[in-house]
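The structure appears below as structure tokens.
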Amino acid sequence: MTPKELRNERLAERVIKNLKRRNMEAFYCPTAAEAVKKVSDLIADGSSVTWGGSMTIRDMGIPQALKDRGTLEVLDRDEVTDRDEVVKIYERAFTADVYLSSANAISEDGVIVNIDGNGNRVAAITWGPKKVIFIIGMNKVAQTVEAALQRARSTAAPINSARFEIKTPCQVDGVCHNCNSPESICNYVHFLRNSPRGKHIVILVGDEFGY
């Protein structure tokens, strides 16, 4: 085990302990392959499942793995080009059995932080789906809630603005300006402190994924 792998394992133990204190089930998977299997194992046959705009989920190959099972109703907005159809999938997320998401950051004491432009992702995380599964790379662990918010705004938001080619100040120079730009993707700031009814599950991944 490399020093980095050892550090990730030890840090994950600490984060998982704090997530359980917040009524969330949590797991650590050293590799992406193990994480994909864990996600699949947590979803029962016959379930409906969808996800937000997560690069972590896409880069890990989770959508295809779930489709390959052939026993799930997979709602994939990437398969439709019509905006109205995309919105319908957004709306179906609220009645899905399982909603998948990553996070912009997570604090060591287990608070999950997300920033959203349209609000569909943080809305689904908060209400609707029977189960929410987070897949979070260890590169997104921050020491405190304040540091997690800073990471979301200063690292994730500028990168995502560039990814979507959105005209915001942070797209120009990579720095958060706390802007009120019409195209801002920082319209909704979400903190998940505790999981009501234990509906949230977190999978921490040793590999680095997402922004």
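Side notes on the structure shown:
- Helical runs assigned H by DSSP (4 residues or longer) give the chain a calculated mean residue ellipticity at 222 nm of -10500 deg cm²/dmol, each run adding -39500 (n - 2.57) before division by the residue total.
- Projection of the Cα convex hull of the chain, averaged over all directions and equal to a quarter of that hull's surface, yields 11.6 nm².
- Carbon + sulfur, % of accessible area of the stretch 1-70 - ligands and nucleic acids excluded, 1.4 Å: 50
- Toward the positive end of the charge dipole of the chain, with +1 on the Cβ of Lys and Arg and -1 on the Cβ of Asp and Glu, the farthest Cα among 209, 81, 190 is that of 190.
- Dmax and Rg, reported as Rg then Dmax, of the stretch 48-103 (C-alpha, Å): 10.8, 28
- By a 1.4 Å probe calculation restricted to protein chains, residue 88 has an accessible surface near 110 Å², given to the nearest 10.
- Applying 1/(1 + (r/R0)^6) with R0 = 35 Å to the Cβ-Cβ distance of residue 1 and residue 41 gives a FRET efficiency near 0.90.
- Cα-only Debye scattering, the stretch 84-128: base-10 log of I(q)/I(0) at q = 0.30, 0.32, 0.33 Å⁻¹: -1.15, -1.21, -1.24
- Carbon + sulfur, % of accessible area of the stretch 85-162 - ligands and nucleic acids excluded, 1.4 Å: 52
- The Kirkwood hydrodynamic radius of the stretch 1-50, based on inverse pair distances between different Cα atoms, is 12.6 Å.
- Shape box of the stretch 122-177 [Cα atoms, principal axes, largest first, Å]: 39, 26, 17
- The DSSP beta bridges internal to the chain are antiparallel in roughly 25% of cases.
- Order by protection proxy (mean Cβ within 10 Å, highest first), peptides 8-16, 110-118: 110-118, 8-16
- Cβ charges +1 (Lys, Arg) and -1 (Asp, Glu), total dipole of the chain, debye: 740
- Highest to lowest packing among 51-57, 190-196, 134-140, scored as the average C-beta count within 10 Å: 134-140, 51-57, 190-196
- Only Cα pairs under 8 Å and 6+ residues apart enter the sum, and on that basis the relative contact order of the chain stands at 30 percent.
- Pairs over the 19 Å Cα-Cα cut-off, from the set 37/88; 37/140; 17/140; 38/131; 37/67: 37/88; 37/140.
- Size descriptor for the stretch 1-113, Kirkwood hydrodynamic radius: 15.7 Å (Cα pairs only, one decimal).
- For residue 153, the accessible surface of its heavy atoms amounts to roughly 70 Å² (probe 1.4 Å, protein chains only, rounded to the nearest 10).
The values are calculated or read from the model by the stated rules, or taken from the named source; none is laboratory data. All values reported here derive from a predicted model rather than from experimental measurement. Every residue, glycine as well, gets a Cβ built from its backbone with ideal geometry; the counts of neighbours run over all protein chains shown. The area values use the complete protein model at the heavy-atom level, side chains included, leaving out ligands, DNA and RNA. Shrake-Rupley method; radii C 1.70, N 1.55, O 1.52, S 1.80 Å.
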